[in-house]
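A short write-up of the structure that comes next.
Taken together, the values in this text are just the output of simple stated rules run on the coordinates, not laboratory data. Source: prediction; values computed, not measured. Every residue, glycine as well, gets a Cβ built from its backbone with ideal geometry; the counts of neighbours run over all protein chains shown.
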Protein chains: 2
Amino acid sequence: MEERRISKAVIKRLPRYYRYLGEMLNNGVERISSGELSNKMQVTASQIRQDLNNFGGFGQQGYGYNVQYLYDEIGKILGVNTTHPMIIIGGGNFGHALANYDFSKNGFITKAIFDIRPELAGTSIRGIPVLMMDELEEFVEEEQIEIAVLTLPKSKVQEAATRLAACGIKALWNFAHLDLDVPKDVVVENVHLVDSLMQLSYRITSYERPEEAE
Amino acid sequence: MEERRISKAVIKRLPRYYRYLGEMLNNGVERISSGELSNKMQVTASQIRQDLNNFGGFGQQGYGYNVQYLYDEIGKILGVNTTHPMIIIGGGNFGHALANYDFSKNGFITKAIFDIRPELAGTSIRGIPVLMMDELEEFVEEEQIEIAVLTLPKSKVQEAATRLAACGIKALWNFAHLDLDVPKDVVVENVHLVDSLMQLSYRITSYERPEEAE
């Protein structure tokens with residue numbers, strides 16, 4: 001079968017499909033047409049069909065989609081049908097907030113929080129132990145950690161990313177406002193909050209081009 | 001002059017340009033070619049030229065970009081050359097973490113945090129007062145708040161968004177895992193953390209198509 005590279009835009013829509021389908025299941029909906037799905041999601045029906053065709057379709061002409069089946073298949077595509085052991089690097093406010101956020105129903109299991117402050121050793125957040133950075137490599141290997149969440153200050157994050165890449169982590173979820181330099185086989189997903197806030201600000205701003213200025 | 005709609009992809013790259021140019025300024029770089037900028041940003045030089053041409057160019061053939069000028073103009077495009085009064089709705093872990101994050105150097109000034117828990121009334125985070133939700137409308141009007149950051153649970157966030165839209169807020173920065181329904185003149189920028197984590201998980205997952213399965 002033809003191997004195609006799936007575009008970023010498609011991958012970005014999949015979690016939304018998954019979320020909406022989950023809500024429908026909760027509401028007892030068993031079957032949905034691409035038209036109805038399109039209305040709910042504010043994406044065109046043809047876009048939905050195209051997106052799903054990347055993975056083999058899942059619908060039947062004139063019959064629509066079986067919600068449970070589609071939900072399960074998108075779950076498999078996204079890899080949320082299995083568990084992903086995860087650690088949080090940095091036990092500050094942000095790390096703390098993320099530790100309190102329960103990602104486990106989508107398979108992301110936070111196993112530990114790492115910090116360098118000795119006073120945090122032996123403490124825990126929502127039952128998740130806070131460990132010291134010198135225990136990192138051993139823990140990642142023993143617990144087969146796949147994902148590390150980086151909530152460190154900008155000045156500390158590259159060093160941590162390099163250490164994590166060296167001990168075989170598969171993916172970094174990076175909250176520091178910095179693009180990381182890691183080997184190509186390590187996946188980096190950035191959540192650059194300031195960038196997001198600037199995109200918001202762009203949309204409430206009228207820019208006057210220099211040559212139009214008086 | 002021709003009015004064009006700028007694509008989302010361009011808008012998404014602008015904050016990155018801004019960030020990189022800011023770092024160059026800090027390092028004393030005065031001038032840069034689109035080729036050098038391209039190397040640093042891992043975006044093609046022609047992409048950079050195209051992106052900036054949306055706003056009128058800013059470069060001179062064979063001369064490159066003046067870093068300070070380009071930085072300032074992108075700042076204006078993004079609207080971070082002025083101040084944006086902002087409030088945080090929800091004083092939980094996440095609201096707390098965001099209150100501790102200083103967005104002010106990009107013009108986003110957090111004026112208050114709103115919550116419904118009476119025990120939080122009169123407290124403050126980093127000098128920012130925690131106010132009660134019954135004070136919301138008056139505060140938004142008096143302080144001319146432009147942006148509300150929504151860190152409420154999913155079940156509470158639509159009601160808050162509706163109230164905020166009704167009292168004239170310009171933009172919602174939404175951290176709840178839900179797409180909001182608000183009037184078209186209210187800008188919504190979503191930070192769906194679970195979606196981001198799923199995009200990460202997609203990239204470390206091998207999906208076996210149903211028809212390929214045994």
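Quick notes on this structure:
- Summary of packing: across the peptides A:151-159, B:117-125, the per-residue average of other C-beta atoms within 10 Å ranks them, highest first, as A:151-159, B:117-125.
- Residue of chain B nearest the B-to-A rotation axis [by Cβ], rounded angstrom distance: B:97, 2
- Across peptide A:110-121, the average count of Cβ atoms from other chains found within 10 Å of a residue's Cβ is 0.
- Applying both filters, DSSP loop and at most 14 other Cβ atoms within 10 Å, to the GluC sites (Glu not before Pro) of segment A:14-70 gives A:30.
- Peptide A:184-196, shielding by other chains (average Cβ, 10 Å cutoff): 5
- In angstrom, the C-alpha Rg and Dmax of chain A are 21.0, 66.
- Long-range HN-HN contacts of residue B:130 with modeled amide H, under 5 Å: B:113, B:122, B:123, B:124, B:125
- Sparsely packed loop sites in segment B:16-97 (the chymotrypsin sites (Phe, Trp or Tyr not before Pro) outside DSSP H, G, I, E and B with at most 14 other Cβ atoms within 10 Å) comprise B:63.
- Ellipticity estimate at 222 nm from DSSP helix runs (n ≥ 4, -39,500 (n - 2.57)) divided over the protein assembly as shown, nearest 500: -12500 deg cm²/dmol
- Within a straight-line Cα-Cα reach of under 20 Å, residue A:105 can be paired with the following lysines, leaving aside sequence neighbours fewer than 8 residues apart in one chain: A:12, A:76, B:154.
- Low-density loop cleavage sites - trypsin sites (Lys or Arg not before Pro) in segment B:1-79, where at most 11 other Cβ are within 10 Å (DSSP): B:4, B:5
- Of all aspartates and glutamates in the structure, those lying under 12 Å Cα to Cα from residue B:156, and not within fewer than 8 positions of it along the same chain, are B:115.
- Kirkwood Rh in Å, taken over the protein assembly as shown so that all alpha-carbon pairs contribute: 23.6 Å
- Rg/Rh for segment B:87-214, where both radii come from Cα atoms and Rh is the Kirkwood radius: 1.11
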